[in-house]
Amino acid sequence: MQVFSPNMLKTFDECPKKYELRYIQKVNVVQSPKIFERGKKIHALAHYYLRGEDITKFIPTLTNEEKLIWQYLMENEYFQKKYVNSEYNLNAKLENFWIGGRLDAFMKSQNNYYILDYKTGAIPKNPEEDFQTMIYLICANRILSQGWGNNFSLSFVYIDLKNKKNHIIEFSDEKKAVYENKLITSCKKITTTQTFNKNLSRCNFCEFNKICNV
Ligand code: SF4
């Protein structure tokens, strides 16, 4: 079963050729692990902490900067809500397509649910219509609707750890219609494309630029 993740849809949107290299030909380009190191550490720590595990032995392994980031996350009002799940895989079917991904954390306060996404780098430029926002909200809404009907609220919270602020997107019926439409359109584009065209305007920062013959 093919499940379209936020990264897959984003990659195709940026450059269809990149999508072909990464997800069809499965070309693996090694990137510097340093780029992801801090984000990985904070995400792992948050997951263990939320599950109630003892994280005291991990704290000394953080750099001073990472300790400040961790402190800010711990004090964040959304991170302090009631834990539902973390590193949580969700998917949903839209027409003939499956979409899905893994949430950083899912929290609640009474019947108000919050998808948390911690960013140690920048949050998306257009968070309301980022593929991650759309996919996670559609999938979480699908699950909650099965248990609660319409008796809940759902929001996506980007926790911007770099700039110390939250960006909150409240889900609604209007958003559901717009998101479903956009996601189905994107999935259709990928599955019906005949030629994976190159988007030469994106090559400068592309990890495939040495093998792409551009
Ligand atoms: S190098 Fe350019 S054309 Fe090739 S995959 Fe990357 S962005 Fe696309």
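The values are calculated or read from the model by the stated rules, or taken from the named source; none is laboratory data. Please read all numbers here as calculations on a predicted model, not as lab measurements. No Cβ is skipped: glycine too gets one built from the backbone with ideal geometry, and neighbour counts run over all protein chains shown. Accessible surface areas use protein heavy atoms only, side chains included; no ligands, DNA or RNA. Shrake-Rupley method; radii C 1.70, N 1.55, O 1.52, S 1.80 Å.
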### Message
One residue is enough: does segment 4-17 have a residue meeting the conditions away from the ligand (no atom under 16 Å from the Cβ), outside any loop (DSSP other than H, G, I, E, B) and either open to solvent by less than 40 Å² (accessible area, probe 1.4 Å) or in contact with a helix residue (DSSP H, G or I) (Cβ under 6 Å, 6 or more places away or on another chain) (or both)?
### Response
yes
### Query
Of all the strands (runs of 3 or more DSSP E) wholly in segment 105-214, which have at least 3 residues that are at pLDDT 95 or above, surrounded by 18 or more Cβ atoms within 10 Å (Cβ to Cβ) and more than 16 Å from the ligand (Cβ to nearest atom)?
112-119, 153-160
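Is at least one residue of segment 67-79 within 16 Å of the ligand (Cβ to nearest atom) and part of a helix (DSSP H, G or I)?
The first filter runs over segment 67-79 and keeps only residues within 16 Å of the ligand (Cβ to nearest atom), leaving none.
Scanning segment 67-79 turns up no residue that is within 16 Å of the ligand (Cβ to nearest atom) and part of a helix (DSSP H, G or I).
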### Task
Go through (1) within 14 Å of the chain's Cα centre (by Cα); (2) closer than 29 Å to Q2 by Cα; (3) of a type outside the set (V, I, T) and name the single condition D160 misses.
(2)
### Message
Considering only segment 79-86, I want to know if a residue exists there that is in contact with a His (Cβ under 6 Å, 6 or more places away or on another chain) and either basic (K, R) or buried (at least 16 other Cβ atoms within 10 Å of the Cβ) (or both).
### Response
yes
### Task
List every residue pair whose Cβ atoms sit under 9 Å apart, with the two residues 6 or more apart in sequence or on different chains, where the first one lies in segment 20-32 and is closer than 20 Å to N197 by Cα and the second, anywhere, is among the charged types (D, E, K, R) and assigned to a loop (DSSP other than H, G, I, E, B).
R22/E207; V29/E207; V29/K210
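Working carefully through the options Y48, Y23, find the one that is farther than 24 Å from D130 by Cβ, among the aromatic types (F, W, Y) and at pLDDT 95 or above. I'd like the intermediate steps shown before the answer.
Values: Y23 fails: farther than 24 Å from D130 by Cβ.
Sole residue among the options that is farther than 24 Å from D130 by Cβ, among the aromatic types (F, W, Y) and at pLDDT 95 or above: Y48.
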### Message
Can you tell me which residue is farthest from the chain's Cα centre (by Cα) among those in segment 19-59 that are within 14 Å of the ligand (Cβ to nearest atom), surrounded by 15 or more Cβ atoms within 10 Å (Cβ to Cβ) and closer than 25 Å to L90 by Cα?
### Response
E20
## Note on the structure
Given the conditions (1) more than 19 Å from K189 (Cα to Cα); (2) of a type in the set (S, T, N, Q); (3) more than 16 Å from the ligand (Cβ to nearest atom); (4) open to solvent by 90 Å² or more (accessible area, probe 1.4 Å), every one holds for N96 apart from (1)
